[in-house]
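Undergrad: Structure below; questions to follow.
The values are calculated or read from the model by the stated rules, or taken from the named source; none is laboratory data. Keep in mind that this is a model prediction, so the values were computed, not measured. As a convention, Cβ positions derive from the backbone with ideal geometry for all residues, glycine included, and neighbour counts pool all protein chains shown. What goes into the accessible areas is simple: the full protein's heavy atoms, side chains included, and nothing from ligands, DNA or RNA. Shrake-Rupley method; radii C 1.70, N 1.55, O 1.52, S 1.80 Å.
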Amino acid sequence: MQKVVIMGAGFMGETHANGYKLIDNAKVVAVVDRVEEKAKKIAGMFDAKIYTDFDEMLSTEDFDLLDICTPTGTHPWLVKKAAEAKKNILCEKPLALSVEEADAMIEDVKKNGVKAMVGQVLRFWPEYVKVKEIVASGKYGKPLHAYCARLCVPPEWYEGKWGYAEENSGGAVLDLSIHDLDYLLWIFGKPSSLKAQGVYNPELAGLFHVVTGIEFENGGSGVAEGGWGFMGEFPFTMVLRILLEKAVIDWEFRAGKNIEQRDKVANVIIYEEGGKTYNLEAEQKDPYYLECQYFVDCLEKGLPIERATFEDGRKAVEIAIAARESAKGNKIIKF
Ligand SMILES: NC(=O)c1ccc[n+]([C@@H]2O[C@H](COP(=O)([O-])OP(=O)(O)OC[C@H]3O[C@@H](n4cnc5c(N)ncnc54)[C@H](O)[C@@H]3O)[C@@H](O)[C@H]2O)c1
């Protein structure tokens, strides 16, 4: 049984808590948030202890796994302290706000011999995983091009509006589009260059709508469009469209206003060369639950973490920062 502490009882803290509720071999023993009421709400789901200060929790509590769901700027110091205390770590994405910090976090984890995973949740999202498996199987030849999108209205839940400052969240490319950039890396491997363009508004953390075109070393290419500057009733929208040598895979998912209404069903459609069209079956399970379950299972069984490693998180940060630089400076970035 893994004893879990959830650090940060905001939007993601609650999302992960709902995942742990369904996991038999994990128990949330404490919740930390400097806003006591928020910690209380989640702790109440588990009869867990409440802390408002991380250091106090760390010096008092007996636990195995720290689940970091606080704003991105806190990730590096939390990882350092948790690793030094020999705790295993699940850290929300983006891993960090800079590549240097991400490198230091990888080092902290290695040096202390703990296991770590980053919350790049598309690597657990049933539709994205199924599509990745089909592409990797080679059944339809090589992937030639992929288009991914993640579009929404500005998130309203940030405690103290932390996400609306570029120095806190990195802006929409690092906070939002990073999911699709990470997915493109998962599909195509090493990037060779990218060029991005974006729209800027300091009140929405700088670049709030960014379109990034990436060339990969294997000859494939991809585009990630991400933005949180949509308006009115615009629903949370995800798009994944992959052109392969012998088929096209198409998924367009529209949730309600926020990603919490992610239980709607939209079929992934495969259009095969030759005219056959079919719907791809993907299990209808919550991706955040699947992510937490994977990490807990690896810890319980003593298995290495192979999906959404800190190294994957670091590569995603690197490419997102490059996209931001490219859009701001109107330049091509080569890797
Ligand atoms: N994987 C995803 O789909 C996804 C979605 C949204 C957010 N995120 C990421 O999750 C992280 C948290 O984002 P969120 O949307 O949950 O934010 P949030 O504002 O809803 O929650 C953050 C919580 O952390 C608490 N907090 C901040 N600093 C603290 C400290 N020093 N000590 C104790 N508590 C502290 C705040 O009071 C708040 O309750 C960010 O890194 C964000 O990028 C990931």
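Undergrad: Which of the residues spanning region 2-15 are surrounded by fewer than 24 Cβ atoms within 10 Å (Cβ to Cβ), more than 7 Å from the ligand (Cβ to nearest atom) and either under 19 Å from the mean Cα position of the chain (by Cα) or without any contact (Cβ under 8 Å) to a residue 60 or more places away in the chain (or both)?
TA: 14, 15 - these are the residues of region 2-15 that are surrounded by fewer than 24 Cβ atoms within 10 Å (Cβ to Cβ), more than 7 Å from the ligand (Cβ to nearest atom) and either under 19 Å from the mean Cα position of the chain (by Cα) or without any contact (Cβ under 8 Å) to a residue 60 or more places away in the chain (or both).
Undergrad: So which of 205, 255 is modelled with pLDDT under 95 and either of a type in the set (S, T, N, Q) or within 23 Å of residue 331 (Cα to Cα) (or both)?
TA: 205
Undergrad: Also: Quick check on residue 314: is it under 14 Å from residue 118 (Cα atoms) and either more than 21 Å from the chain's Cα centre (by Cα) or part of a loop (DSSP other than H, G, I, E, B) (or both)?
TA: Answer is no for this residue.
Undergrad: Right, next: For residue 186, state whether it is of a type in the set (A, V, I, L, M, F, W, C), at pLDDT 95 or above and closer than 30 Å to residue 8 by Cβ.
TA: yes
Undergrad: Look through region 16-33, keep the residues that are open to solvent by 10 Å² or more (accessible area, probe 1.4 Å) and within 16 Å of the ligand (Cβ to nearest atom), and return whichever of them is farthest from residue 72 (Cα to Cα).
TA: Among those residues, the one meeting the criterion is 18.
Undergrad: Would you be able to tell me the number of residues in region 194-206 that are open to solvent by 10 Å² or more (accessible area, probe 1.4 Å) and within 16 Å of the ligand (Cβ to nearest atom)?
TA: 1
Undergrad: Determine whether residue 61 is out of contact with any Asp or Glu (no Cβ under 8 Å at 6 or more places or on another chain) and within 30 Å of residue 177 (Cβ to Cβ).
TA: So residue 61 fails the test.
Undergrad: When residues of region 143-193 are filtered for being open to solvent by less than 10 Å² (accessible area, probe 1.4 Å) and among the basic types (Lys, Arg), how many remain?
TA: Result for region 143-193: 1.
Undergrad: So in region 215-234, with the set limited to residues that are farther than 24 Å from residue 191 by Cβ and touching a residue at least 40 places away in the same chain (Cβ under 8 Å), which one is most open to solvent (accessible area, probe 1.4 Å)?
TA: Within region 215-234, the match that is most open to solvent (accessible area, probe 1.4 Å) is 231.
Undergrad: Tally the residues that are part of a helix (DSSP H, G or I), open to solvent by less than 70 Å² (accessible area, probe 1.4 Å), under 17 Å from residue 158 (Cα atoms) and out of contact with any helix residue (DSSP H, G or I) (no Cβ under 6 Å at 6 or more places or on another chain), restricting the search to region 34-69.
TA: 2
Undergrad: Next question. Output the number of the condition that residue 270 fails; it satisfies all remaining conditions of (1) assigned to a loop (DSSP other than H, G, I, E, B); (2) modelled with pLDDT of 95 or more; (3) more than 17 Å from the chain's Cα centre (by Cα); (4) under 24 Å from residue 131 (Cβ atoms).
TA: The one condition residue 270 does not meet is (1).
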